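Trainee: One structure is given below, represented as C-alpha coordinates, and several questions about it will come after.
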Amino acid sequence: MRVITLSSKNQIVLPKEAREAMHIKSHDKLLVVVKDDITIILSKPRSHRAALSGIGKGMYNKDYLRKERSSW
(Lines give C-alpha, C1' and ligand atoms only; values in the text may rest on other atoms or scores of the structure.)
Protein backbone atom coordinates (compact mmCIF):
# COMPACT_ATOMS: atom_id res chain seq x y z
CA MET A 1 0.00 0.00 0.00
CA ARG A 2 1.38 3.38 -1.03
CA VAL A 3 0.98 6.59 0.95
CA ILE A 4 0.43 9.80 -1.01
CA THR A 5 0.39 13.39 0.22
CA LEU A 6 -2.13 16.12 -0.46
CA SER A 7 -0.30 19.26 -1.63
CA SER A 8 -0.99 22.79 -0.44
CA LYS A 9 -3.00 23.23 -3.67
CA ASN A 10 -5.16 20.17 -2.78
CA GLN A 11 -3.56 18.04 -5.48
CA ILE A 12 -2.39 14.43 -5.34
CA VAL A 13 -0.12 12.39 -7.58
CA LEU A 14 -1.25 8.86 -8.34
CA PRO A 15 1.60 6.36 -8.07
CA LYS A 16 2.87 4.85 -11.30
CA GLU A 17 1.55 1.41 -10.30
CA ALA A 18 -1.96 2.82 -9.90
CA ARG A 19 -1.85 4.65 -13.25
CA GLU A 20 -0.64 1.54 -15.03
CA ALA A 21 -3.26 -0.69 -13.38
CA MET A 22 -6.02 1.79 -14.32
CA HIS A 23 -4.61 2.21 -17.88
CA ILE A 24 -4.72 6.02 -17.57
CA LYS A 25 -2.40 8.72 -18.83
CA SER A 26 -2.11 12.48 -18.65
CA HIS A 27 -5.40 14.39 -19.18
CA ASP A 28 -7.61 11.30 -18.81
CA LYS A 29 -10.81 11.83 -16.82
CA LEU A 30 -11.33 10.07 -13.48
CA LEU A 31 -14.50 9.38 -11.53
CA VAL A 32 -14.54 9.99 -7.77
CA VAL A 33 -17.11 8.12 -5.67
CA VAL A 34 -17.54 9.23 -2.05
CA LYS A 35 -19.53 7.07 0.37
CA ASP A 36 -19.33 8.15 4.01
CA ASP A 37 -15.61 8.12 4.85
CA ILE A 38 -14.55 5.99 1.86
CA THR A 39 -13.38 7.54 -1.43
CA ILE A 40 -12.90 5.48 -4.59
CA ILE A 41 -11.13 6.75 -7.71
CA LEU A 42 -12.03 5.04 -10.99
CA SER A 43 -10.94 5.63 -14.55
CA LYS A 44 -13.79 7.12 -16.60
CA PRO A 45 -14.73 4.71 -19.38
CA ARG A 46 -14.31 6.07 -22.89
CA SER A 47 -17.66 4.51 -23.78
CA HIS A 48 -20.30 3.82 -21.14
CA ARG A 49 -22.04 1.48 -23.57
CA ALA A 50 -18.90 -0.62 -23.97
CA ALA A 51 -18.21 -0.57 -20.21
CA LEU A 52 -21.70 -1.82 -19.36
CA SER A 53 -22.02 -4.27 -22.24
CA GLY A 54 -22.58 -7.78 -20.92
CA ILE A 55 -22.77 -6.73 -17.26
CA GLY A 56 -26.00 -8.72 -16.78
CA LYS A 57 -24.87 -11.77 -18.71
CA GLY A 58 -25.68 -14.94 -16.83
CA MET A 59 -28.03 -13.31 -14.32
CA TYR A 60 -31.08 -15.05 -15.75
CA ASN A 61 -31.28 -18.42 -17.39
CA LYS A 62 -32.76 -18.69 -20.90
CA ASP A 63 -36.01 -20.24 -19.69
CA TYR A 64 -36.71 -17.34 -17.35
CA LEU A 65 -36.26 -14.72 -20.07
CA ARG A 66 -38.34 -16.75 -22.53
CA LYS A 67 -41.20 -17.01 -20.02
CA GLU A 68 -41.05 -13.29 -19.20
CA ARG A 69 -41.02 -12.26 -22.85
CA SER A 70 -43.94 -14.54 -23.72
CA SER A 71 -45.99 -13.09 -20.82
CA TRP A 72 -45.96 -9.67 -22.48
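The values are calculated or read from the model by the stated rules, or taken from the named source; none is laboratory data. All figures in this text were calculated on a predicted structure; none of them were measured in a lab. Virtual Cβ from ideal backbone geometry, glycine too; neighbours counted across all protein chains shown.
Trainee: Report, by residue number, each residue of the range 1-54 that is surrounded by 10 or more Cβ atoms within 10 Å (Cβ to Cβ), small (G, A, S) and modelled with pLDDT of 90 or more.
Mentor: Of everything in the range 1-54, those that are surrounded by 10 or more Cβ atoms within 10 Å (Cβ to Cβ), small (G, A, S) and modelled with pLDDT of 90 or more turn out to be A18, A21.
Trainee: Within the range 55-66, take every residue that is surrounded by 11 or more Cβ atoms within 10 Å (Cβ to Cβ) and outside any loop (DSSP other than H, G, I, E, B) and give me the one that is modelled with the lowest pLDDT.
Mentor: So, considering only residues that are surrounded by 11 or more Cβ atoms within 10 Å (Cβ to Cβ) and outside any loop (DSSP other than H, G, I, E, B), the one modelled with the lowest pLDDT is L65.
Trainee: What are the residues in the range 36-72 that are among the hydrophobic types (A, V, I, L, M, F, W, C), within 30 Å of I24 (Cβ to Cβ) and out of contact with any helix residue (DSSP H, G or I) (no Cβ under 9 Å at 6 or more places or on another chain), if any?
Mentor: Of everything in the range 36-72, those that are among the hydrophobic types (A, V, I, L, M, F, W, C), within 30 Å of I24 (Cβ to Cβ) and out of contact with any helix residue (DSSP H, G or I) (no Cβ under 9 Å at 6 or more places or on another chain) turn out to be I38, I40, A50, A51, L52, I55, M59.
Trainee: Moving on to the next point. Would you point out which residue out of V13, V3 is more than 20 Å from the chain's Cα centre (by Cα) and part of a loop (DSSP other than H, G, I, E, B)?
Mentor: Going through V13, V3 in turn, the sole match is V3.
Trainee: Just to be sure, is R69 loosely packed, with under 11 Cβ neighbours inside 10 Å and assigned to a helix (DSSP H, G or I)?
Mentor: Yes.
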